[in-house]
Structures are given as C-alpha cells and as structure tokens.
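Read through the structure below, which is laid out as structure tokens, and then see the notes.
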Amino acid sequence: MRSRQPTRKLLTETQLYMSAQRALMRRAHSVSEMKKHLERRAENKDLIPAVIARLRELNYLDDAKYALNYAAQHAKLHRQGRFRIARELRARGVPDRYIESAVDSVFAETDEASLVRARLTRRLAHLRRPLDQKKIASLYRNLLGAGFSSDIIRAELKGISHGDLPELPDAADSELSES
C-alpha cells in the first residue's frame, strides 16, 4: 500500500481557484466545506476569501441550492428522514436557515410514511425468522437513525405487526435517560 504524500501547498489565487474548480467537478460543496478544502491547500490563507467570493459570484457555491439538492437526493434515493438530512447538512457547515427551508420544501412533496414503508419493506424482505419484539426494536432504532420521527415509525410498525407493538421510548426520552 502506498502512502500519500503531503499535499503541495498552492501559492497563487489562480492555483487555489483551479483547485476549487477540480473539487467542485467531483461533487458539490458547501461554502464551509470549500473553505476547509482551500485552507488545507493554501500557503497564504489571505487568498481564500477572494477565491470563495469569485466562486459565489459565478454561482458555483450556493448553500441554499446545495441544501435543497442534498435534501432531495437523500430523501428520494437514500430514503432518509428530515432529522438525519438536517444533521448531515449541519455537519457539512450549511447554515440552519437554508437547512430548514430545504428540508421543508422537500418533505412538502415527499410522504415520510411512504419512505418508512419502503425502508421497512426492504428490511423485512431479508428476514429469516418471524417478527419478534427484538426485531421490532431493531427496526425502530434503524428508522430513528435514518432520521424519521418516532410517531411515523410507530404508526408504520403497528401496521406491519398488526397493532401488537410494545410501548417503545421516544428518541428524546432515550436521550434523556442516557445522560
């Protein structure tokens, strides 16, 4: 296995701009992610604001558009819930005002219950044993981790288990008991 050599530090604004463009060709970035990328590459950190301003001016960096595209893709393709998407966008440095509007607009068009059903259907297709209490609790935790609200999860789990579901704690209740 070859070890990676340390990245060569870039000296000019043009070199930083080209590095930013190459990064954006691979995938979209938030403004915060791009700043971190450029900070790792720049010899002179004073050049970074000018590169970021140029990228924003050309609409290559737009946190609102980035949040909306990310939320739509992760809701539809990855079948993730609003809480997980919001958490991941925060981790990527997107401001909360963009996250809230993006998540609200995506989930206005998307039925969260259908996403939960799709995830459940996929998980249940691989079950070898009958559905018992441990498996139901495992499904519940999996769906909470995927970012869905506990009310929607309970409603869908009751539907598949024909109403004989035990009382499972809320995510907020379990976080309080762990503290």
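Where a number appears in this text, it was derived from the coordinates with a stated rule and is not lab data. Treat the numbers as computed from the prediction; the structure is a model and nothing was measured. Because the Cβ atoms are built from the backbone with ideal geometry, glycine has one as well, and the counts that use them run over all protein chains shown.
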Based only on other Cβ atoms within 10 Å, what is the fewest-to-most ordering of His126, His29, His78, His37? His126, His78, His37, His29
Specify, per residue and in Å³, the volume enclosed by the convex hull of the alpha carbon atoms belonging to the range 32-133. 139
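Could you work out how much longer the chain between Leu77 and Asp132 gets when fully extended? Use 0.36 nm per residue separation minus the Cα distance between them, nm to one decimal. Don't skip to the end; give the middle numbers.
Numbers: separation 55, 0.36 × 55 = 19.80 nm, distance 2.89 nm.
This chain segment gains 16.9 nm when fully extended.
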Given Gly147, Gln21, Phe83, which one lies farthest toward the positive end of the charge dipole of the chain, if we put +1 on the Cβ of every Lys and Arg and -1 on the Cβ of every Asp and Glu? Gln21
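Taking the Cα centre as origin and putting +1 on Lys and Arg beta-carbons and -1 on Asp and Glu beta-carbons, what dipole magnitude results for the range 59-148, to the nearest 20 debye? Walk me through the numbers before you get to the answer.
Values: 18 positive and 10 negative charges, 159 e Å.
So the dipole magnitude of the range 59-148 works out to roughly 760 debye.
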Note down the relative contact order for the range 13-57 as a percent, whole number, built from C-alpha pairs under 8 angstrom at least six residues apart. 49
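What number, in percent, do you get for the relative contact order of the chain if the mean sequence gap of Cα pairs under 8 Å and at least 6 apart is divided by its residue count?
Working: 156 pairs, mean separation 33.1, N = 179.
About 18 percent, as a whole number.
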Diffusion coefficient in µm²/s returned for the range 13-57 by Stokes-Einstein, Kirkwood Rh over C-alpha pairs, 37 °C and 0.692 mPa s, is 321
Amide H contacts under 5 Å for Ala42, placed H, 5+ residues apart: Leu10
Between Arg119, Arg27, Arg79, where does the largest GNM mean-square fluctuation fall for the chain, given springs only between Cα atoms within less than 10 Å? Arg27
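Tell me the volume per residue, in Å³, of the convex hull enclosing the alpha carbons of the range 63-109.
57
Counting Lys and Arg as +1 and Asp and Glu as -1, each charge on the Cβ, what is the dipole of the chain about the Cα centre in debye, to the nearest 20? Numbers along the way, then the final one.
Numbers: 34 positive and 24 negative charges, 259 e Å.
It comes to approximately 1240 debye.
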Cα pairs beyond 28 Å in the chain, in percent, come to 44
